[in-house]
Amino acid sequence: MLRNAVSSMTSLDKAFIDTPTVKGELSESESVKEIMSMASKTKSKDSIASVAGEEHVDEVDPFTIVSSDIRRLNKSIKELLGSDHPVLDTVAQYFFDIEGGKKIRPTMILLVSRATNINGALKQNASDAMDIGVSNSQIRLAEVTEMIHTASLLHDDVIDLADTRRGVSSVNSSFGNKLAVLAGDFLLARSSVCLARLRNVEAIELLANVIEHLVKGEVMQMKNLIKNPDLNAFEYYMRKNFYKTGSLMANSCRAAAVLEGHSLEVQEAVFNYGRGVGAAFQLVDDMLDFTSSEAELGKPVLNDLKSGLTTAPVLFAFDEYPKMLSLAARQYESPGDIEKAFDYVRRSDGLERTKDLAIQYSNMAVEAALKLEKSPSRDAMIRLARKVVEQV
Ligand code: FPP
Ligand code: MG
């Protein structure tokens, strides 16, 4: 079922699948081959969360290493979002006023920056740098990335009619759809100016591609991946995940290396690190939707099924319970569908296989990080890739 051939796609599907690759990014067909071989291995139940060389990694908490930078980043973003319009200020800054949240994207950029700046000398004068291991440009990049991510969430909550986000009322439900969309646009506009000020065309191109990917991922998600017999459902799902989650992580890690003029080899290693963490993160997120409580998630559970979305746990469960296909095809809309689908998933090995696949992506991130010189920040990158899968 998961291995349907791609035959007669619509021109819209083709446009999404044949995306031109960015320098250093795996071609679409390479990515797909890799994804499918990983997915087919998940039945072996032997994914081990360690790779050769990892035994020499020190225990370092990734969030502690960057905690003071993250506090400054939050303050700086709020300053960057100041305008002469009080309503716009309030709405755009809404999420940056909320304490908590792991800030995983800027954390990754800061760790990658420190870990790679060890290999190559910083071009900037050390006195310009806010931190000994991170340049000002890399800190700005982390801010830009968090602003783009938040902009996408403001728009996403409008599309998903979400009432809550991060355990509080969502912007759309507090201020209405119009202001939520405009605040997202404003965040995107300010982040674009900050990005342009980095005066680095390659970094700008990488992040501009990310914005395109976020939009494509969201549009891909609108399509019922089951109803279209011409597309391989799992491949489509993983590609949508890359566009929605992995691309921002992979390309912003790469941009951090680009900003300091690091070699192509280093750029590729950190791109693959971000890609691996991103894929693992999304698979875990899709799994938590089945296994967590609303209080733990800060948003309603079984949200994906309720939104008609078919994710990895269900895709894997199809192998054991092909009957589920009819539920997925009608996007769990008939009374009792959600409960039935949930029950099939629980009885199948779908959750376990999803976890196995997430571990394999985490392994991929660890292998990529191990290509960098040993340092506390490199080890923290590895711990972060592990922490993502330790949640489940
Ligand atoms: C969360 O998805 C949403 C995203 C990761 C990206 C959303 C992208 C857009 C709305 C396109 C517009 C982009 C920009 C930059 C303005 P989810 O609904 O699966 O996760 P959730 O449970 O956190 O809502
Ligand atoms: Mg959403």
Looking across the stretch 285-304 at residues that are surrounded by fewer than 24 Cβ atoms within 10 Å (Cβ to Cβ) and among the aliphatic types (A, V, I, L, M), the single one that is farthest from ligand 1 (Cβ to nearest atom) is 295
Does the stretch 309-336 hold any residues that are of a type outside the set (Gly, Ala, Ser) and crowded, with 19+ Cβ neighbours inside 10 Å, and which are they?
309, 310, 311, 313, 314, 315, 316, 318, 324, 327, 332
Does the stretch 370-392 hold any residues that are among the aliphatic types (A, V, I, L, M) and over 30 Å from residue 292 (Cα atoms), and which are they?
370, 372
How many residues, within the stretch 268-318, are within 15 Å of ligand 2 (Cβ to nearest atom) and of a type in the set (Lys, Arg)?
2
Scan the stretch 155-181 residue by residue and report those that are within 18 Å of residue 97 (Cβ to Cβ), more than 8 Å from ligand 1 (Cβ to nearest atom) and assigned to a helix (DSSP H, G or I).
171, 172, 173, 174, 175, 179, 180
In this structure, is residue 192 part of a helix (DSSP H, G or I), of a type in the set (S, T, N, Q) and farther than 19 Å from residue 144 by Cβ?
no
In the stretch 273-285, is there at least one residue being assigned to a helix (DSSP H, G or I) and either farther than 25 Å from residue 371 by Cβ or touching a strand residue (DSSP E or B) at 6+ places or on another chain (Cβ under 9 Å) (or both)?
yes
Residue 260 meets each of (1) within 16 Å of residue 111 (Cβ to Cβ); (2) more than 16 Å from ligand 2 (Cβ to nearest atom); (3) under 15 Å from the mean Cα position of the chain (by Cα) with one exception, condition (3)
Counted residues in the stretch 209-237 being surrounded by 17 or more Cβ atoms within 10 Å (Cβ to Cβ), part of a helix (DSSP H, G or I), modelled with pLDDT under 95 and among the aliphatic types (A, V, I, L, M) come to 2
Residue check: is residue 90 outside any loop (DSSP other than H, G, I, E, B) and modelled with pLDDT under 90?
yes
Name the pairs whose Cβ atoms lie under 9 Å apart, with the first residue in the stretch 254-280 and on the phi > 0 side of the Ramachandran plot and touching a residue at least 60 places away in the same chain (Cβ under 8 Å), the second surrounded by fewer than 22 Cβ atoms within 10 Å (Cβ to Cβ) and of a type outside the set (A, V, I, L, M, F, W, C), and 6 or more positions between them or separate chains?
261/120; 261/123
Hey, could you check the stretch 195-208 for residues that are closer than 17 Å to residue 257 by Cβ and touching a residue at least 40 places away in the same chain (Cβ under 8 Å) and say which is surrounded by the most Cβ atoms within 10 Å (Cβ to Cβ)?
206
Can you tell me how many residues within the stretch 137-167 are under 15 Å from residue 207 (Cβ atoms) and within 11 Å of ligand 2 (Cβ to nearest atom)?
1
Test result for residue 103, within 16 Å of ligand 1 (Cβ to nearest atom), more than 24 Å from the chain's Cα centre (by Cα) and either surrounded by 19 or more Cβ atoms within 10 Å (Cβ to Cβ) or modelled with pLDDT of 95 or more (or both):
no
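The values are calculated or read from the model by the stated rules, or taken from the named source; none is laboratory data. Keep in mind that this is a model prediction, so the values were computed, not measured. Every residue, glycine among them, receives a Cβ derived from its backbone with ideal geometry; neighbour counts consider all protein chains shown.
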